[in-house]
Amino acid sequence: MMRLLRSLLPGRRKLGFAYLFSLAISVALALLLGALMMRLTGYSPVEGYAALVKGAFGTRRALGNTLAKAVTLSMTGLAMAVAAQAGIFNVGGEGQLFLGGMAAAIVGSQLTGWPAAVAVPLAFVAAITAGGLYALLPGVLKVRLKVNEVITTIMLNSVAIYLCAYLANGPLRTADKGIAAGTNAIDPAYVFPRLIPLSNLTASAVYAAVLALLCWYVMKRSTIGYEMKLTGQNPRFARYMGMKTDRLILWSMAASGALCGIVGLFEVYGLHRRFIPSLSNEFYFDGMLVAMIMRYDPVGIVLMSVFFAMLKIGGTAMELGVGISSELILIVQSIIIFFMAAQSGLARIVRERRGRRAARRRIEGKNVPQGEATS
Amino acid sequence: MKKTMSLLLAFSLALALMSFAGAEEALPSVAVVVAGGLGDRSFYDSASGGLELLKAEGVKGTVIECKNDASLFEQSLIAAAESFDFVVAVGWEFWEPLETVAPELPDTKFIFVDNELTGIDNIYAITYAENEGSFLVGYIAAKLSETGVIGAVGGEDNTTINNFMVGYKQGAAYANPDIRVEISYTADYEDPAKGKEHALALYDKGADVIFQVAGKTGEGVFEAAKEKGKYAIGVDSDQKYIAPDVIVCSMIKEVGLSVYDAVTRYVEDGSFPGGTVWNANMKSGLISVGFGDETMPQQVSQALIAEVKALTEMIVSGEIVVETTR
């Protein structure tokens with residue numbers, strides 16, 4: 001299990017051309033299998049996929065929903081990637097998201113009547129602090145006591161989610177009519193404006209774009225990003241080079257948690273206007289998958305998020321319009337993930353076979369020039 | 001002249017036919033949007049059953065499942081409203097999404113199941129007198145109990161679930177003033193494993209009959225009952241068929257029938273009481289107790305069933321007033 005997880009961490013593996021090529025093949029194969037299943041269940045695949053694309057991008061509202069889903073996916077995916085860059089496997093984003101959302105909701109519902117320009121940044125600070133500090137906990141355990149972060153982060157999810165459920169059902173429960181569980185609503189002045197009316201796309205998307213750029217810059221262009229990468233690839237080497245690896249690990253963990261906390265804030269300030277116990281439906285785990293498929297490459301994560309969001313939003317429309325069960329989309333997604341997980345193994349088999357054949361050819365026909373055989 | 005007359009006749013006949021065809025098409029289409037997912041053999045399935053009844057009469061309809069993804073609530077309602085005349089929102093969770101969405105879509109008729117949202121012209125809310133039905137199953141539970149302790153597993157500590165609980169307690173005390181009622185909340189409607197753990201804990205506390213009010217989570221209560229050889233009570237639909245040996249009866253809340261009633265009333269006379277709440281109670285026949293069918297073993301004696309019938313009449317006539325949390 002651990003070896004499997006470790007193999008998913010970014011190491012020498014890059015998002016190279018060969019990888020993208022096999023990704024494209026996986027996606028195409030998955031879509032083909034999906035089409036086959038549509039056929040078998042008595043639907044037209046062309047009609048089905050047309051309804052899917054139209055349902056995801058066909059109207060302004062659909063486009064807004066797809067982009068909104070992509071924002072959530074890419075932010076959680078980037079959070080995963082930031083930690084993975086330093087070699088940490090943060091599985092605790094879900095809990096960090098809940099705590100961030102709760103902290104932001106507390107600020108927004110307690111500090112009513114303040115100017116939005118003051119209150120909203122304060123809410124960001126609260127969400128970043130809550131998510132970041134909560135992620136630091138397993139980080140410190142890892143650095144100081146060598147406790148495996150995969151286990152601690154998974155377990156801390158439950159702690160955070162149940163703590164928030166307790167607060168929303170207990171001390172912070174609203175008296176508003178019709179709300180069974182949840183905090184008080186935030187001041188209406190703080191609610192993010194919707195970029196497309198009646199869609200889920202809010203000003204969160206603007207903040208998310210800025211954050212995504214920042215992530216890309218830090219991970220790909222800054223010294224600290226490079227140091228994080230070295231720490232992730234070879235911690236001992238990085239330490240001998242004089243890098244403060246422990247501190248780098250802690251910072252990347254805090255950044256990852258902070259991003260998750262901000263996703264929680266987006267859900268509260270954009271959609272629900274209060275903390276509700278069903279704030280996230282395992283959004284972080286969806287983002288994790290996207291990040292893993294794209295090998296933690298920030299640009300790749302954003303692009304893949306749009307694709308997965310299209311499948312998700314379009315899938316519902318496909319079910320409504322053509323009658324094909326939206327579960328089919330889950331199957332397509334799973335097939336993509338399955339292929340990509342098998343990709344490194346498959347690629348190795350192909351490489352080895354090719355190598356063996358080349359070697360055999362070299363032995364059999366000595367007249368073949370060496371350069372040609374190895375090409 | 002004759003020719004013109006016949007032409008006119010034919011024309012008017014064609015018109016009449018067309019208007020008839022128009023009447024056929026005038027059946028409204030219905031989308032049922034559920035907060036969770038189908039397959040709970042309880043609340044959501046009951047709502048979807050109501051749609052099946054309507055479909056049997058030629059109404060076009062579909063079910064949209066939000067699968068507890070709160071970010072999809074509003075969007076599912078809007079998507080449903082774009083292609084259907086009636087949108088039935090099943091689950092108290094839709095309160096705020098409906099408040100936001102319904103005023104923007106005045107041409108759509110919303111039916112809101114399980115929460116009393118009033119004052120918006122195109123929302124007709126239906127709530128249920130779960131307390132009355134729970135009174136009856138509480139009475140049965142107390143009569144069947146040998147230990148003097150009965151239990152209940154609730155999906156969440158909230159107004160709707162507690163409306164079951166107050167009736168259950170009152171009915172139990174009506175049968176036996178010394179009865180002890182133990183209640184446990186799972187904070188989850190979708191996890192049978194949790195339901196089982198909570199039920200096992202209640203059985204260990206001495207309870208020998210447990211009422212499940214937790215949707216899919218409640219399926220675990222039946223599992224625990226089977227394991228321990230104790231009794232359980234089903235909820236929302238007649239669930240006895242799931243485990244006839246341990247489920248003694250079910251508190252039926254006819255969510256599907258109430259939706260069916262609301263839509264057919266509109267089809268018949270065009271009435272849609274938007275902005276108001278209909279409290280579907282025992283009097284309207286939508287709240288009752290089910291005992292499965294004749295093929296299943298019965299743990300409740302005929303004498304006790306007769307007592308329950310008498311109590312039903314007393315509740316309908318207002319002789320017994322059941323407490324409520326609403």
**Study point:** Options A:208, A:141, A:92, ranked by Cα towards positive dipole end of the range A:68-283, top entry (Cβ charges)
**Key:** A:141
Exercise for review: Would you please give the FRET efficiency between residue B:298 and residue B:176, computed as 1/(1 + (r/R0)^6) with r the Cβ-Cβ distance and R0 = 22 Å, to the nearest 0.05?
Suggested key: 0.55
Exercise for review: Write down the percent of antiparallel bridges among all DSSP beta bridges whose residues are both part of chain B, to the nearest 5.
Suggested key: 10
Practice item. Taking the Cα centre of the protein assembly as shown as origin, sum charge times position over the Cβ atoms of Lys and Arg (+1) and Asp and Glu (-1), and report the length of that vector in debye to the nearest 20. Key: 5140
Point to revise | residue A:125-residue A:189 FRET efficiency (beta carbon distance; Förster radius 22 Å; 0.05 resolution) | key: 0.75
Review point. Rounded if a/c is under 1.5, else prolate if a/b is larger than b/c, else oblate: which is chain B, with a ≥ b ≥ c the root eigenvalues of its Cα gyration tensor?
Key: prolate
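With charges only on Cβ, +1 for K and R and -1 for D and E, what is the dipole size of chain A about its Cα centre, in debye, rounded to 20?
1720
Taking a threshold of 31 Å on the Cα-Cα distance, which of the pairs B:169/B:196; A:312/B:240; A:229/B:194; B:240/B:283 fall above it?
A:312/B:240; A:229/B:194
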Review point. Rounded, prolate or oblate: which fits the range A:68-283 when a ≥ b ≥ c are the square roots of the eigenvalues of the alpha-carbon gyration tensor, with rounded for a/c under 1.5 and prolate only if a/b beats b/c?
Key: prolate
Point to revise | Karplus (6.51, -1.76, 1.60) ³J(HN,Hα), θ = phi - 60°, over the range A:220-236, in Hz, Gly and Pro reported as x | key: 10, 10, 9, 5, 4, x, 5, 5, 4, 5, 4, 4, x, 6, 8, x, 5
Point to revise | Neighbour-count order for A:224, A:262, A:335, fewest beta carbons within 10 angstrom listed first | key: A:224, A:335, A:262
**Study point:** Spacing of the two label points (7 Å from each Cα toward its C-beta) at residue A:117 and residue B:118, in nm
**Key:** 4.4
**Study point:** Folded to 0 to 90 degrees: helix A:327-364 orientation relative to chain A principal axis, Cα
**Key:** 20
Review point. How much net charge surrounds residue A:94 when only other residues with a Cβ under 11 Å from its Cβ are counted (Lys, Arg +1; Asp, Glu -1)?
Key: -2
Practice item. For a footprinting-style exposure proxy, rank A:112, A:174 by other Cβ within 10 Å, fewest first. Key: A:112, A:174
Revision key, fill the gap. Ranked on Cβ counts within 10 Å of their own Cβ, fewest leading, B:288, A:222 go A:222, B:288
Review point. Peptide B:68-77: average number of partner chain Cβ atoms within 10 Å per residue?
Key: 6
Review point. So what's the net charge close to residue B:97: Lys and Arg +1, Asp and Glu -1, counting the other residues with Cβ under 13 Å from its Cβ?
Key: -4
Practice item. Kindly express, to the nearest 10 degrees and within the range 0 to 90, the angle between helix B:130-144's C-alpha long axis and the longest C-alpha principal axis of chain B. Key: 30
Point to revise | Net charge of neighbours whose Cβ lies under 13 Å from the Cβ of residue B:133, counting Lys and Arg as +1 and Asp and Glu as -1 | key: -3
Check your understanding: So between residue A:221 and residue A:15, what do we pick up on full extension, going 0.36 nm a residue minus the alpha carbon distance?
Key -> 72.5 nm
Revision key, fill the gap. In nm, the gap between the two label points placed 7 Å beyond Cα toward Cβ at residue B:55 and residue A:236 is 6.3
Study note, to complete from the structure: Quick calc: nm separation of the 7 Å Cα→Cβ label points for residue B:29 and residue A:360 -> 6.0
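Each value in this text was obtained by applying a stated rule to the coordinates, not by laboratory testing. Just so we're clear, the structure is a prediction, and the values are computed from it rather than from any experiment. As a convention, Cβ positions derive from the backbone with ideal geometry for all residues, glycine included, and neighbour counts pool all protein chains shown.
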